[in-house]
Amino acid sequence: MIAPVTHILPLTNIRRARRLPVPGRVLVKVGQKVNTTDIIADAPSNGQHYIVDVRRVLGIPRNEKVDQLIQRKPGERIQKGDVIAETSGMFSRVVRSQADGSVLMVGGGLVLIETQNPPFVLKAGFSGVVSEVLPERGVILETQGVLIQGAWGNNRVDQGVLLSLAHTPGEEFVRTQLDVSMRGAVVLAGYCFQADALQAAAELPLRGLILGSMSADLISLVNKLNFPVISLAGFGHMPIDSDVYKILTTNEKRDTSLNAAVWNPQTGDRPEVIIPLPSVGNVAPETDIFKPGQTVRIQGAPYNEFIGVLVQIKPGLSGLANGVRTPAALVQLENEEQVTIPLANLEVLE
Amino acid sequence: MTTSIVDAESVLVIDLGSINTRAILFDIVDGQYHFISAGVVPSTANAPYRDVSEGIHLAVKKLQETTGRALVDTDGRLVIPCQSDGSGVDRLAVTYSAGPQLRIVTAGLLADVSLESARNLAASVHGKIVDSIGLNDHRRLEVQLDSILQAEPDMIIMAGGTENGAGRSVLKMLELITLVCRMLPQEKRPAVIFAGNRALAKKIKESLEKWTTIQIAPNIRPTIDSEDLGPAQEILAQAVTQIRNAQIGGLQSIGSISSLTPIPTGQAFGRIIRFLSQVYDPARGVLGVDVGSSSTIMAAAVAGKLKLNVFPFGVGSGASQILQGCSIADIVRWLPMHVPDAVVRDYLYQKSLYPAMIPMTSETLSIEQSMARQSIRMAAQNILARWPSMSMSFEPILASGAILSQTASPVQSLLMLLDGLQPVGITSFFLDQNGLIAGLGSVSQINSVLPVQVLESGALLNLGTVISPISQARYGTPILQVRMEYEDGNETRAEVRQGSIVSLPLRAGQNAHIHINPLRRTIINPHGQRGGGSFKITGGVCGAVIDARGRPLILPPDAARRRDLIKKWTIMLGG
């Protein structure tokens, strides 16, 4: 059976496509080194539009031609105050542009103008090297190092030195754990149920926050924060899984990139923690099928975020404690206990 | 094209869900169509595969293993038609619910006339209305333009003008929509469906076809006081498939070898409900409810007239969307044990991240079943509000969705349906354990015999007949005297009190005559036989049930009492 794969890797080759939503300009070259927040491509974004009704503004009767009074053509750039249309004669009347922009369409006595908006910018998302340019679309970035995929992010990217506040994987993140020495750092903390702790992180501010898990009540607050926040396990009271905790705490003080992307099942974008390392790792597979011997992580109570080894895929349907029958596997947990877990609740860690 | 039984064609249905891919085989056994088997595997529509082909290959392979019938050749291609050695299938049909929620802009004239019909049409697909333009929209043209551009719609549904009625306002709307299409890059231009005044169709097609794909559907509001969504829904389904062909890898490829154009699951679901409403009692109508991962579908049809609604909330990826339409308390109220609100909210959001996750504890199973109850409740209330002349008095009610079939007992399935739908009168409940309903709807277009015979063969699980009387009597007062006469001459008697739910001893498939004597002006069926009487019933896996808990079902405000009552109801039905 097809198995979902989540990457929790102390050293791997990381290769990611960064794409613009619409065609635009790629600003980097093959071989170029980039940092997490570097802008690697941009694309025009829709500005605001306004329509100038020349006939109405100039008071031209319906039976008279008006287009010949318009002095602008589609594609022309104009500045605020530039003349758009003008009547002839000694006492001419004029229509001027209300903003900087460009003329999109002219006809029927109307002029459609698009104001200039800052372009859409695409950030690298992690520190790496451009290995391929996708003309007008984006790039492929590569690096070597730690890769940890999370469950939820607030759609921001940044990088900083990693510091751990979580003395154990199951500790709660509270305001008193923070001090000024953490300003500008990427912080690893446990589960977060207090808005106060997040406000303290914003006051410093941090450059990034990695949480074991968080309360869904905090989503709107986290979405307003200016730095990336990744919840590794998602929502609820869950500890940081043991493998992730080990990898992150042994990489403290290293420069760490957070790409707190919103998990998009269609595109495969996921929140990721990346710590570039000077060693060379192998490329991790993106797909797999369940088989005995695999390291798996469990989703769902009472074994949320437990890690174990898949012992056996059970034939047919297996009964769970609550009476539900489903395809399942026997999993040996880290404490040697063997439990029956639905296949749908397992992720292969690779 | 209709196929007769003489052709005896085997049919393979591929259902491309957001969680699972199913390969379902129907064939003739002893002269009748039967459901043979289904192969179910995780969907590969999403990353990292982003192509449904792998999932289809694995689902068919699984089906081959269980049936022992060769369905693919040595190159892995589906064998169509059936070969002389018995391998392959004659027909292939495809339904799909995978893919992101469609972003739809509706455009019409009056808010409660054509714009409302455009909204109702949009509600028949898994989509979200991201903007709406009408005559009463007083935003400036450029503000409307920016709003639509910002919304990045996949589709614009344009209605307005009764037949040979208003024209100028519709054409003004056309200017805006043309402008939108001209300004967007080609790959971002929305498909347009025009379902308004047919006299304008030619002009609208000419204006838009050089910019985007435009489909003309029959007017959904032919007169000011009549709405006709049916024909437009078929056109809409085709337009959605065109959009999905670009969004879902492999859909176009499987569609090219299919006997029919792939159709959205909701559309197929609606089609079978409409079809059955013509087969069963036309006065009662048929209801179908499908509680899916990303959406909840409710389809009600009376004498061939279908009301179809696809709601953007479900019990998987759409779990957190339930909270857009209700409070957390509305979900918590259905729990038989104490679970803090915050824990339930966290579970909903976590389920949205891991939609395939199966509950492993009684507590999480109860949370999911509460989500299902609330989803069904919201869908039922919405559909009854939209069509006030309709009542929850259908015969039969068909239900599907993993949440309803993956339960500890059939009683849990039945109670979710009763609590959510709150039917009145006498209703039989059937559970689609194998996810066949949408597939049957798709097949009904080429083979009208197959769906009827498959349903008659017992492919759906008969949960039981439920009698839901209406009474204003006080809680605990006797409201019905019931006598059930079995075929062997034995009989059983029961007195039913207001507020109770009673299971009558009737085995699955066993027939009996039930005699009901209503007390204290109790009404058995407000839209049919109001008083008592005798009639034949057939037992389901939950026997026969009298649900005298009242309509609407009012839960006690005291949490402890409410939880005790919910547990008691399950025990009363033997769950």
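The values are calculated or read from the model by the stated rules, or taken from the named source; none is laboratory data. Model, not experiment: these values are computed from the prediction. Positions of Cβ are backbone-derived with ideal geometry, glycine not excepted, and every protein chain shown enters the neighbour counts.
Here are some notes:
- Single match in A:E136, A:E142 (criterion: in a loop (DSSP other than H, G, I, E, B), in the same structural domain as A:K224 (by TED's automatic domain parsing) and charged (D, E, K, R)): A:E136
- Considering (1) free of Cβ contacts under 8 Å to residues at least 24 places away in the same chain; (2) of a type in the set (G, A, S); (3) assigned by TED's automatic domain parsing to the domain that holds A:H7; (4) closer than 23 Å to A:T168 by Cβ, the lone condition that A:A216 does not fulfil carries the number (4).
- Under the condition of being touching a residue at least 60 places away in the same chain (Cβ under 8 Å), farther than 22 Å from B:A232 by Cα and part of a helix (DSSP H, G or I), the residues counted in region B:249-288 number 5.
Matching residues to (1) in a strand (DSSP E or B); (2) more than 14 Å from chain A (Cβ to nearest Cβ):
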| residue | (1), (2) |
| --- | --- |
| B:R103 | yes, no |
| B:A111 | no, yes |
| B:L115 | no, yes |
| B:L121 | no, yes |
| B:D137 | no, yes |
| B:Q144 | no, no |
| B:L149 | no, no |
| B:P153 | no, no |
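- Criterion: farther than 19 Å from B:G539 by Cβ and small (G, A, S) - qualifying residue of B:S468, B:S457, B:S500: B:S500
- Odd one out for A:V229 among (1) of a type outside the set (G, A, S); (2) modelled with pLDDT of 95 or more; (3) within 28 Å of B:P42 (Cβ to Cβ): (3)
- Unique residue being at the interface with another protein chain (Cβ under 7 Å from one of its Cβ atoms) and in contact with a strand residue (DSSP E or B) (Cβ under 8 Å, 6 or more places away or on another chain) when the list is B:L404, B:L398, B:L353: B:L353
- The residues of region B:54-99 that are small (G, A, S) and surrounded by fewer than 17 Cβ atoms within 10 Å (Cβ to Cβ), listed by number, are B:G68, B:A70, B:G76, B:S84, B:G86, B:S87.
- All positions within region B:211-248 that are hydrophobic (A, V, I, L, M, F, W, C), under 15 Å from B:V192 (Cα atoms) and part of a helix (DSSP H, G or I): B:A232, B:I235, B:L236, B:A237, B:A239, B:V240, B:I243
- All conditions but one from (1) more than 18 Å from B:S400 (Cα to Cα); (2) out of contact with any strand residue (DSSP E or B) (no Cβ under 6 Å at 6 or more places or on another chain) apply to B:I254; the one that does not is (2).
- A:F126 meets all of the listed conditions (1) within 14 Å of chain B (Cβ to nearest Cβ); (2) buried (at least 21 other Cβ atoms within 10 Å of the Cβ); (3) in contact (Cβ under 8 Å) with a residue 60 or more places away in the chain; (4) not aliphatic (A, V, I, L, M) but one, namely (1).
- Enumeration of residues in region B:486-543 that are charged (D, E, K, R) and out of contact with any Pro (no Cβ under 6 Å at 6 or more places or on another chain): B:E487, B:D488, B:E491, B:R493, B:R507, B:R520, B:R521, B:R530, B:K536
- Number of residues in region A:284-305 that are assigned to a loop (DSSP other than H, G, I, E, B) and either at pLDDT 95 or above or not hydrophobic (A, V, I, L, M, F, W, C) (or both): the value is 15.
- A:P276 falls short on exactly one of the conditions (1) away from chain B (no Cβ under 13 Å); (2) without any contact (Cβ under 8 Å) to a residue 24 or more places away in the chain, and that condition is (2).
- Selection within region B:169-192 - in a loop (DSSP other than H, G, I, E, B) and either more than 14 Å from chain A (Cβ to nearest Cβ) or in contact (Cβ under 8 Å) with a residue 40 or more places away in the chain (or both): B:P190
- Filtered by the rule that a residue be surrounded by 13 or more Cβ atoms within 10 Å (Cβ to Cβ) and touching a strand residue (DSSP E or B) at 6+ places or on another chain (Cβ under 8 Å), region B:551-575 gives B:R551, B:W569, B:M572, B:L573.
- The strands (runs of 3 or more DSSP E) falling completely within region B:1-87 that include 2 or more residues that are free of Cβ contacts under 8 Å to residues at least 60 places away in the same chain map to B:20-29, B:32-42.
- For region A:306-333, taking the residues that are in a loop (DSSP other than H, G, I, E, B) and touching a strand residue (DSSP E or B) at 6+ places or on another chain (Cβ under 6 Å), the one that is farthest from the other protein chains (Cβ to nearest Cβ) is identified as A:K314.
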